[in-house]
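Encoded as structure tokens, the structure appears first; notes follow it.
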Amino acid sequence: MEHAGQKNNGLIKRLDSLADPTRLRLLRLLERQELGVMELCEVLILPQSTISRHLKVLVESGWLSCRQQGATNLYGFSETAKSDEFHRLWLPVREQSESWLSCRQDKDRLGRLLVKRRREAQRFFHKAAKGWDSLREEMYGKDLNQAALLSLLPADWIVADLGCGTGRLALELSRVVRKVIGVDQSADMLRTAMRRSEGHSRVDFRKGSLEAIPIKDEECHAAMMLLVLTYVEQPARVIRESARILRPGGKLIVVDLGDHDREDFQKRMGQLWPGFKEEEMKRFFREAGLGRFSLAPLPPNHTAKGPPLFLGWAEKMCSAECNGSGC
């Protein structure tokens, strides 16, 4: 009886946390997008004290989780809130609030905020395009590409270079595989990549967002992201998109920054995220349906000025493996 009472108390607490219109507006914004307190203040047009008070309630009742990114706390739906028990509570409430004028206005302001984010990133890459290769070499060392290449590659594979930048890695890959598809959202980076790849028929460069990769389902044997995730707004979504374009048994390879606190470096490199923790990357892989994954730190390069890097890889499971019966 005591256990049932505790469970009921938890249910009442969760229901009570949904009784305030401001908290509903916050949940609608944070269901798919992590945001900081100041961004939430900008979208909801409410003071920081009000936003912080409601966020505290939502964290304590299990709806939200909070993680630190440099000096900023980012809020988003918690793993618990994604469970069936929470979903059954949230779905009817979300539907009822769909017609609220305040929620439609919040959605419009969030859209403008995200557009502003993307424009700032595009301005950074526009300025950085000409000196990008030398800047990356200065920060991460000269042998960075080799760490990713060593994880591959059969000669008949089609490989996606996601966030291909100026195309240096794509050209290296094209010498050892059948075809490379390079994707980047920066027109300036792609112009440099295309000039560099003149005469190389095995490289196909495409402009597009990594949240909606312009590659067909299961078109690639492998996908690579070399120092890319720190620049995307939704890393988990990008990992899911990367898994979508892989054939069963295909491999995703990620080289990126481990979690660090060097805000000066993050600002200079125009990055949205200060690297990633091991458990965070494993969660991204699991949620994308990838299995047999591994993460390991890369040996430090004595000439590099940037934070430590890691190499992660994961395989796309075939349906039989997902059912536990093997391929």
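Every number in this text was worked out from the coordinates using simple rules, so none of it is lab data. Quick caveat: nothing in here was measured; it's all calculated off a predicted structure. Note that each Cβ is placed from the backbone with ideal geometry, even for glycine, and that neighbours are counted across all protein chains shown.
The mean sequence distance of close C-alpha pairs (under 8 Å, at least 6 residues apart), as a share of the length of the stretch 154-282, puts its relative contact order at 22 percent. By other beta-carbon atoms within 10 Å, ranking M269, M38, M281 with the fewest at the front produces M38, M269, M281.
As a calculated quantity, the FRET efficiency between L15 and H260 at R0 = 35 Å, using C-beta atoms, amounts to about 0.30. Its alpha carbons give the stretch 2-122 an Rg and a Dmax of 15.0, 57 Å. Counted residue by residue at 0.36 nm each, then reduced by the alpha carbon distance between them, the extension gain from C66 to L89 reaches 6.2 nm. Cross-link pairs exceeding 19 Å between alpha carbons, from the set K207/K251; K82/K316; K216/K251; K116/K267; K179/K251: K207/K251; K82/K316. Shown here are the Rg and Dmax of the Cα trace of the chain, at 21.7, 75 Å.
For D217, neighbours were defined as the other residues whose beta-carbon sits under 13 Å from its Cβ, and their charges (Lys and Arg +1, Asp and Glu -1) total +2. Note on the stretch 173-304: the C-alpha convex hull projects to 9.2 nm² when averaged across all orientations.
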